[in-house]
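The values are calculated or read from the model by the stated rules, or taken from the named source; none is laboratory data. Remember, it's a predicted structure, so these values are computed and weren't measured experimentally. Here the Cβ positions follow ideal geometry from the backbone for every residue, glycine too, while neighbour counts run over all protein chains shown. Side chains are part of the model used for accessible areas, which takes the heavy atoms of the whole protein and leaves out ligands, DNA and RNA. Shrake-Rupley method; radii C 1.70, N 1.55, O 1.52, S 1.80 Å.
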Amino acid sequence: MEVHTSFVKIPKAERDSIYLLMTGFCGLSGTALIAKKKGDELMRYYSSAYVEDMKKLYISEGEDEFDSLLREIAPDAQVLTMGEGGIETALWTVAEETHAGFTVDYQAIPIRQETVEVCEFYHLNPYRLESKRCRLIALKNGGSLAAALTAVGTPAAVIGKLNATNDRILLYDNGEKSRCLDRPSGDELRKIGL
């Protein structure tokens, strides 16, 4: 797995005060890769300009602003850089590393319409799609860092909180429904031969 972690066990008494913040867009690097490798198939249903734009979605950017804001606002934050398996693999990894459960709202996870459409086209789960350069951050004041990152053009959102249980709960349909996170089984790219 392409996951880099610096997470450590969080004491049970502190877990309820830890927020989960995500930077970047869920599945964006996977969407760009699919557009590059399977562009001809996509162009049967989408315009060539739209598919060409998808290919350019994932562009590496500098780390300077993220690193300096993190040091300034949340020096004690724990950061996981996502990769294969997307946000669901990252959430599983965080739960394992911290020995904590969590509650995450799917609707809070940043995702672009292009990713939704490509995943619907290939019947893929966007939350299990490669998400290089996205980060999952555990910290006490997620809102401040999210606002600062958003102000400098980095998509960021508080998507949930850790808890003192081992439950890994995903909320959807405006929080009216929930399910437990299943153990990750690999990246969705494999389903289409990538």
Go ahead and estimate [θ] at 222 nm for the chain from helices alone: -39,500 (n - 2.57) per DSSP H run with n ≥ 4, summed, over the residue count, rounded to 500. -9500 deg cm²/dmol
With a 1.4 Å probe and all protein chains left in place, how much of the accessible area of the stretch 25-84 comes from carbon and sulfur atoms, in whole percent? 46 percent
Would you mind working out the accessible area per residue for the stretch 1-159, using a 1.4 Å probe, and quoting it in Å²? 46 Å²
A 1.4 Å probe over the protein heavy atoms gives the stretch 104-194 a carbon and sulfur accessible-area percentage of 46 percent
Could you give the length gained by full extension between Lys36 and Lys55, i.e. 0.36 nm per residue of separation minus their alpha carbon distance, to one decimal place? 6.3 nm
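Would you mind calculating the relative contact order of the chain from Cα pairs under 8 angstrom and at least 6 residues apart, reporting the percent as a whole number?
Once normalised by length, the contact order is 38 percent.
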Kirkwood hydrodynamic radius (C-alpha pairs) into Stokes-Einstein, the chain, 37 °C and 0.692 mPa s, D in µm²/s: 193 µm²/s
Cα centre as origin, Lys/Arg/Asp/Glu Cβ charges: the chain dipole, Debye: 320 debye
Cα→Cβ-extended label distance, 7 Å offset, between Asp173 and Thr150, nm: 2.7 nm
Quick check: from the Cα gyration tensor, does the stretch 4-50 come out rounded (a/c under 1.5), prolate or oblate? prolate
When only DSSP loop residues count, what trypsin sites (Lys or Arg not before Pro) in the stretch 9-41 have their Cβ near at most 16 other Cβ atoms within 10 Å? Lys9
Any chance you could count the Lys pairs in the chain whose alpha carbons are under 23 Å apart, treating pairs 8 or more apart or on different chains as valid? 24
Roughly what would the spin-label model give for Arg44 and Lys9, points 7 Å off Cα along C-beta, in nm? 5.3 nm
Starting from the Cα of Glu120, step 7 Å along the direction of its Cβ; do the same at Ala164; then give the gap between the two resulting points in nm. 4.3 nm
The stretch 122-177 shape via C-alpha gyration tensor axes, a/c threshold 1.5: oblate
